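Step one of this worksheet: look at the structure below.
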Amino acid sequence: MKTRKILRIRMIIIFLVLSLIPFGSSLSNPVVEEEGQQQTLQIAVFDIDVTPPVGSNMAYDPVAGTWDMGLRARGIVLAGAGLPIVLCSFDWIGIANESQDEFKKAFAEAAGTIPERVAVHTVHQHDAPACNFGAEKILKEAGIDPARYESTFTRDAMNRLADAIRASMSKAQTITHIGLGEAIVFNVASNRRIKGADGKIRATRYTACGDSALRAEPEGLIDPVVSVVSFWNNDKPVAVLSYYATHPQSYYRTGFPNPDFPGIARFYRQLAVPDALHVHFNGAGGNLGAGKYNDGSKVNRGILAESLADGMKRAWESTKKEAVTPESINWRVEKVALPPSSDLENLQKEIIARSNEVAFVSNTLPKIAWLNRCRQGAMIDIGCLSVGRARILHMPGELFVEYQLAAKAERKDLFVAMAAYGDYGPGYICTDIAYKEGGYEAGPASGVAPGSEKVLMTAIKKLLYR
């Protein structure tokens, strides 16, 4: 019986992998941009608990209990400048592929807009859920427990959040001003990729780094700036959005869902400015982490949180307000097709060869779900919110910090911020040279190929100059 079951699973996986059946994603719809103006600019805020229950699966482990702080999904709806714009950030590890399609559709319907005007991001904490409806479908059709991708809870969260967005619209407040502020964050982010004398990556300084020699290496290339964008009703702040680039782990694999140090920093700022909803976005931190400043000791979670919160506080204190009107707000989208990694073709063969290893198959098939979407012609939305002199870019994957720095350098005359960890399907998105240098991020962890840099930078420049 056991042999027959293994053979059945192998045959189903082989069929699915080779045929790459479409999974009904919305793929690329034409962008509709509404320019009709309403009389006033308004903002609605929403916030719900998205902590999975005990016994359900997170990205790495089942939920064993609860921590002092749970996970949140929160965001804003901007109305009055064409169709509403929805920005949402989850304390989850990632929302990928078909999940992005369904979340955007649900939120768009709730807000009375279209999916192209919805941005869904994660902060990327690791003691948190992973969401990938495409991978779940493949696993279920193969007769394999989808484990971390079982979507009962994540779909429930999606529906509850849509309800919260719908309800928030009746409580929208007028916006009269925006505020823009920046500050340096000290002793949090450091570059993970340590080069040898030959220019190749010789070591990865992960977010918790027990190797004192690696911690002694220079901080490396980072973006040390936390950017804060606030929305005001005259003298009352209504929402504060923060952007900072780094992997957000202090330690994990605890079995207890928690928002790690960025969530704690956000909570500190919520206490300090209680009238406004605080929403945090992770920037292009794919090759960044706290490894130089974190040996994995649990006390460091609080230290890192205080350092980030201090930067947020100083950015808030440096905020300059300016009047805003519906004509000051704009949302633009560039649709891009990223070239899939050639390693994914070999991965298909490895899945077939190791199809009796359920854990390996479960962990690997999300990459095949991404490849499937690429072959279908799926495209990813690169969004840009223009608010006065600010440009906020909304990007996919675990993006390298070089993209964020290049965007800021491109328009030094503007206030540029970036939210990455949108569509999690591509995984790590490196620079072209990084694929030659090697290292963890440029290996099988990346679902895209060299050439992605040109595609993304072309889209970024178009959006920044519109």
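Structure values in brief
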read-out	value
Computed lengthening from ALA445 to LYS321, 0.36 nm per intervening residue step minus Cα-Cα distance	40.5 nm
From the coordinates shown, Rg and Dmax of the Cα atoms in Å corresponds to which of [x] 22.0, 77; [y] 28.0, 96; [z] 21.3, 71	[z]
Rounded tilt (10° steps) of 98-111 against the dominant C-alpha axis of the chain	30
Beta bridge orientation in the chain: antiparallel %, DSSP, nearest 5	70
5 angstrom amide H check on ASN282, placed H, neighbours 5+ away	ALA420
With Cα atoms, 0 to 90° folded angle of helix 452-465 axis to the chain main axis	20
In degrees, nearest ten, helix 358-376 long axis to first principal axis of the chain (Cα)	60
Considering only segment 64-181, percent of DSSP beta bridges that pair antiparallel, nearest 5	45
Relative contact order, percent, segment 344-466 [alpha-carbon distance under 8 Å, six or more residues apart]	23
Over the chain: helical MRE at 222 nm, DSSP H runs n ≥ 4 each giving -39500 (n - 2.57), nearest 500	-10500 deg cm²/dmol
Computed Kirkwood radius, in angstrom, where 1/r is averaged over Cα pairs of segment 51-201	17.9
Per-residue ³J(HN,Hα) for segment 208-217, Karplus 6.51 cos²θ - 1.76 cosθ + 1.60, θ = phi - 60°, Hz, x for Gly and Pro	10, 10, x, 8, 5, 5, 5, 5, 7, 5
DSSP bridge orientation in segment 311-466 - percent antiparallel, rounded to nearest 5	70
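Values quoted throughout were computed directly from the atomic coordinates according to the rules given, and no laboratory measurement underlies them. Keep in mind that what you see is a predicted model, and the values were worked out from it rather than measured.
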